[in-house]
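One structure is given below, encoded as structure tokens.
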Amino acid sequence: MTTRKEYIQEQRLAKLDRIRSRKVDPYPSRYQRTHQISEAIALFEQQEKAGIAEAPPVTVAGRIIASRDMGKASFMDIRDGSGKIQLFFSKDKLGEEYQFLADLDLGDFIGVTGKLWRTRTKEITVQASGWVLLSKSLLPLPDKWHGLTDVEKRYRQRYLDLLTSEEVRNIFRTRSRAISSLRRFLDGRGFLEVETPVLQAVAAGAMAKPFVTHHEALDRDLYLRIALELYLKRLIIGGMDKVYEIGRVFRNEGISTKHNPEFTMLETYEAYADYNAVMKMVEEMVSTVAQDVLGAMKAGFAGTTIDLTPPWPRMTLREATLKYSGIDFEEHPEATDLRQQMLAHGMAGVDEKMSWGRLLDQVVSTFVEPKLIQPTFLMDYPVEMSPLAKRKPDNPKLVERFELFVGGIEMANSFTELNDPMEQRQRFLQQEKERAAYGDEETDRLDNDFLLAMEHGMPPTGGLGVGVDRLVMLLTDQQSIREVILFPQLRTV
RNA sequence: GGGCCGUUAGCUCAGUGGUAGAGCACCUGACUUUUAAUCAGGGUGUCGUGGGUUCGACCCCCACACGGCUCACCA
């Protein structure tokens, strides 16, 4: 039985045989090009501007993405990483070599030498004086006009998606530029970029369920990090006053348009700063990145325009929940009481087995977060929700913490870091108690080694975590995190 | 995990309880300035998988797989 795909492949294999029978290597080891395609085009435009009639020959290489055969002359479009250019082949110029073009297919890579000129339709074109096959493709590319629309295929075979979609290529170009811009911003402020362990004995520093793995030689379980936090704080303790890390963290949780099991986090820690200073820095950082990447402080997102010009409004969590849900959490300090309020305000699916902090988190995500479209800082969270943050001096029930919301999505989380080792131990123990009481695997974990570090003395510090993927979603107007991650997690088939 | 929707040619998509369709791609031929080239001809399919109903299933039913959206979960 011959499937259509096999039929196409047989034809390509036959071409491969013909090519080899001419003693041509279809996969040569090297090829010397003189210009990237965009460079060749720039060169020609420059010379044209200067009035130089005859452009020097160039040698370019790329993948054939279109072919228009005219009999004794033909056109092809090739693309490399920098752009695309048209090629012109004619029989009177190439002689016998011309007929071998018949063994080329869309998808093959070729190298071409020739001089540049404009066709009568004004397109800059390489007039081939010689060409060489650089790599033969054996499978057809997706439809040149429609590209790939099957989302599953787009993610599983991202290379095809990238090949056929300029938009997708641009998303990942923007992602790269945004990350460079983040680094530039922080480097410029004297932050030191560091790398900390991915494999950890205790996965602490956030409320999330970790992935477990096993180290054979040590014969012990290790966890993939769920946050960068506790190791970066160890560095603050070690006297690195300003540090940051951009790295992958892993959370063994559900997949959604806003969650991928592995995602990229930026965390910064600055000694002698507090959350107010960090807030200011975040505004500047995000608006600077937007300016760098978009050339503007405004971003179109989900059909609205988001204005990132600082300063951004600040609201306490209490104000926000009162305003958007009508619930004043300070009046309901017990879990049963708060749960009742939530039910009274029409919330469904309020789990019996949730702690007060988790319940309040529900209120915030249901009523408050969706309303925070323009960039907004929510400040001053209850201590129950924030085991690593320092209490407010004037209200010990609250901590100096903020979260940044843009487009209804949480982008960043920050606090004035708790640096009292005795209290930190108590907070960890409280978390452990809650885990026991509620059986919640996401409750933060006690990290003795981290406490040991803190007991040696930790300066007052402002810390920050930014969801880089989500920031890229904002900058590229994408509603799904999978669109900004090259290879998002999918079930293996 | 629940609900809804989807899965047909390499790609994009139509389709009917009774022989499986189009465009692009591909193959053959024509063509020396094309731009989704054009013109003439060609058809290369496990209709997601497995059951069931039926004289007959791509279509109807059930289960499963994968994906999307959504709720739950999750900062």
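The values are calculated or read from the model by the stated rules, or taken from the named source; none is laboratory data. Since the structure is predicted, the reported quantities are computational estimates derived from the model, not experimental observations. As a convention, Cβ positions derive from the backbone with ideal geometry for all residues, glycine included, and neighbour counts pool all protein chains shown. These area figures cover heavy atoms from the full protein model, side chains too; ligands, DNA and RNA do not enter into them. Shrake-Rupley method; radii C 1.70, N 1.55, O 1.52, S 1.80 Å.
Quick notes on this one:
- Looking across the range A:96-120 at every residue that is near RNA strand B (Cβ under 10 Å from one of its atoms) and aromatic (Phe, Trp, Tyr), the one that is least open to solvent (accessible area, probe 1.4 Å) is identified as A:Tyr98.
- The set of residues in the range A:1-35 being in contact with a strand residue (DSSP E or B) (Cβ under 6 Å, 6 or more places away or on another chain) and surrounded by 12 or more Cβ atoms within 10 Å (Cβ to Cβ) consists of A:Pro26, A:Tyr31, A:Arg33, A:Thr34, A:His35.
- For the range A:135-166, filtered to residues that are assigned to a helix (DSSP H, G or I) and among the basic types (Lys, Arg), the residue that is nearest to A:Gly62 (Cα to Cα) is A:Arg158.
- Flag for A:Asp380 being crowded, with 17+ Cβ neighbours inside 10 Å, at positive phi and touching a Leu at 6+ places or on another chain (Cβ under 9 Å): yes
- Within the range A:156-191, the set of residues being open to solvent by 80 Å² or more (accessible area, probe 1.4 Å) and within 16 Å of RNA strand B (Cβ to nearest atom) comprises A:Arg156, A:Tyr159, A:Glu166, A:Glu167.
- Here A:Lys93 meets each of (1) open to solvent by 80 Å² or more (accessible area, probe 1.4 Å); (2) without any contact (Cβ under 8 Å) to a residue 60 or more places away in the chain; (3) more than 23 Å from A:Thr121 (Cβ to Cβ); (4) assigned to a helix (DSSP H, G or I) with one exception, condition (3).
- When residues of the range A:270-308 are limited to those that are in a strand (DSSP E or B) and away from RNA strand B (no atom under 16 Å from the Cβ), the one nearest to A:Ala208 (Cα to Cα): A:Glu270
- If you go through the range A:310-331 and keep only what is under 24 Å from A:Phe415 (Cα atoms), open to solvent by less than 70 Å² (accessible area, probe 1.4 Å) and free of Cβ contacts under 8 Å to residues at least 24 places away in the same chain, you end up with just A:Asp328.
- Options A:Glu152, A:Glu123: the member that is assigned by TED's automatic domain parsing to the domain that holds A:Glu39, open to solvent by 70 Å² or more (accessible area, probe 1.4 Å) and within 37 Å of the chain's Cα centre (by Cα): A:Glu123
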